[in-house]
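A.B. asks: The structure's right below; bear with me while I get my questions together.
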């Protein structure tokens, strides 16, 4: 079946691996993972983390690559089209629409954070951060002014610190690269961007590990104690009984690998049946784990401890606090601060842009395939949609409320839903035996047989358990010590007397986006149905002529 | 840093480094490493 999509593809295996790894490696690798590991006691956390990687992260990656390539062979490149081909029911395309809605909506706020990274790299290079001194409060205040966290509209007002200029640059850069296409745009960028990111991280790691003791009056704040703060295990057995630790570890694996985004499934649809996916998926996942554990786990929290001691504990629970309030001060006080500060924030910028690029491709693929737009039209339309969304988030910047609300409901809640759909379709709709066979076409590696029951039974059950725990803790506010439920701010912001207008507007905005994509999906479905019907008539005519 | 800390760090970092190096080695030595994937064609912007 033909869908009239412009023909594109990857140019090399290493290129697609770098692109998928680039999609997975993001700010969470360097800011969220180390904070969680230190917070929960790294011994127990790493046991839960690697367990989740083995039975949740890697199996879902294999499932996404397999389903994407399978549907790609049938002519579909967009998530709605892919699920239309996989589920073989009209509702399939609407379920698949999530795979376009999620990445495009996440892009709207992710590109803003990306602009912070580039802005901080620039400010580091020009001495704008080292001038702030050694008090973390000055960096907190700088961040609040920079992103407009104290007042709605501040980020785009003349009194801001110029974040809008950096936003314009990164927004334009994303769309220039995406316009160049899959191979000459995303792949070409990730093929140098990912190695550059790793080299930068290794240079910074070498600097952090050789810092020794910075202040002789505080001998306890040395590199060994800093590594100990990050890696010393607590009471492992006791900590493993904490369901919140499992939720945090599984959530980190899940979000870090970019599973359930709709990105990997789209990327894989451009592969042919002869192309390996088992080893490629494992390599992309291992690149992400290398960046997260070996680089992220060794750099950020230990560096922050060296300068702040145990006081850093008050900041590691939030990626924004660690990344944009504490670490700018840490790098500003380090010898050769301009160089290392710039290197670190440029590293974050690279991690962010390789991810944001991947969020645009599912939207581009959908507009091209569903509405039969050409590349220029689809880039223009997606640019307009995402620009409106980003403007909304930048304007409602007070307490980063709009960003936080959309991240919670789309970037977390919807992700669980989409990942569940993927693993259920793999194991139960396509069928684990058929999907297993499909995964091994052209494979350079065989998946060990014990993964078959894991992918059919364990993975969906584990995902469901984590999802239920997430709802209990993060939505309904279950307090383990008292057993009481107190709905979290994400719920009370929307329902009840203390609602937030911005939170309600944010959810309203998301609903508008969802409606747009569903209407577009319906239009695309009519085209696909007509194509399928025309194809059937052609086949019947051929058969009659043959007789 | 305690002995437990050294063990946790070494096992965690060692595992991910080992896995990554092994995967890259397998990819680079596999016959498909430099092969053309999917018959890449010129970017079709659909404007012709």
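Any read-out appearing in this document is the output of simple, stated calculations on the displayed coordinates, not a laboratory observation. Remember, predicted model here, so these are calculated numbers, not experimental data. As a convention, Cβ positions derive from the backbone with ideal geometry for all residues, glycine included, and neighbour counts pool all protein chains shown.
A.B. asks: How many Cβ atoms of partner chains, on average, are near each residue of A:8-20 if near means within 10 Å of its Cβ?
C.D. replies: Details: counts 6, 6, 4, 6, 7, 9, 7, 2, 2, 3, 0, 0, 0.
Average neighbour count from other chains, rounded to a whole number: 4.
A.B. asks: Please compute the modelled spin-label separation between residue A:210 and residue A:236, points set 7 Å along Cα→Cβ, answer in nm with one decimal.
C.D. replies: Spacing of the two 7 Å Cα→Cβ label points: 3.3 nm.
A.B. asks: So what is the relative contact order of chain A, in percent, for Cα pairs below 8 Å that sit 6 or more residues apart? Before the final figure, lay out each step's value.
C.D. replies: Values: 866 pairs, mean separation 173.2, N = 547.
Once normalised by length, the contact order is 32 percent.
A.B. asks: Take every Cα pair under 8 Å in region A:223-313 that's 6+ residues apart, average their separations, divide by the length, and report that relative contact order as a whole percent.
C.D. replies: This gives 59 percent for region A:223-313.
A.B. asks: With the crude spin-label approximation of a point 7 Å out along Cα→Cβ, what separation in nm comes out for residue B:17 versus residue A:89?
C.D. replies: Going by the 7 Å Cα→Cβ label model, 5.0 nm.
A.B. asks: Given points 7 Å out from each Cα along the Cα-Cβ axis, report the residue A:391 to residue A:169 separation in nanometres with one decimal.
C.D. replies: With each label placed 7 Å out from Cα toward Cβ, I get 2.3 nm.
A.B. asks: Can you give the Kirkwood hydrodynamic radius of chain A from its Cα pairs, in Å with one decimal? Walk me through the numbers on the way to the answer.
C.D. replies: Values: mean 1/r = 0.0416 Å⁻¹.
After inverting the mean inverse Cα-Cα distance, the result is 24.0 Å.
A.B. asks: At what distance in angstrom do the alpha carbon centres of region A:118-141 and region A:211-281 lie from each other?
C.D. replies: That distance is 27 Å.
A.B. asks: Determine, from the Cβ-Cβ distance of residue A:440 and residue B:3 and an R0 of 56 Å, the FRET efficiency 1/(1 + (r/R0)^6), rounded to the nearest 0.05.
C.D. replies: Numbers: r = 43 Å, r/R0 = 0.77.
The pair residue A:440/residue B:3 has a calculated efficiency of 0.85.
A.B. asks: What is the order of A:151, A:289, fewest Cβ neighbours within 10 Å to most?
C.D. replies: A:151, A:289
A.B. asks: For A:530, A:401, what's the fewest-to-most ordering of other Cβ within 10 Å of each Cβ?
C.D. replies: Numbers: A:530 10, A:401 21.
Arranged by neighbour count, lowest to highest, A:530, A:401 become A:530, A:401.
A.B. asks: For chain A, what is the calculated [θ] at 222 nm in deg cm²/dmol (nearest 500), taking -39500 (n - 2.57) for each run of four or more DSSP H residues and dividing by its residue count? Could the numbers behind the result be given before it?
C.D. replies: On the way: 24 runs with 356 residues, N = 547.
Using -39500 (n - 2.57) per qualifying helix, the result is -21500 deg cm²/dmol.
A.B. asks: What ranking do A:66, A:521, A:488 get, fewest neighbouring Cβ atoms within 10 angstrom at the top? Write down the numbers at each step before the final one.
C.D. replies: Numbers: A:66 28, A:521 25, A:488 15.
Ranking A:66, A:521, A:488 by Cβ neighbours within 10 Å, fewest first, gives A:488, A:521, A:66.
A.B. asks: Does anyone have the angle between helix A:90-125 and the longest principal axis of chain A? Alpha-carbon axes, 0 to 90°, nearest 10?
C.D. replies: Taking Cα atoms only, the helix is inclined about 30 degrees.
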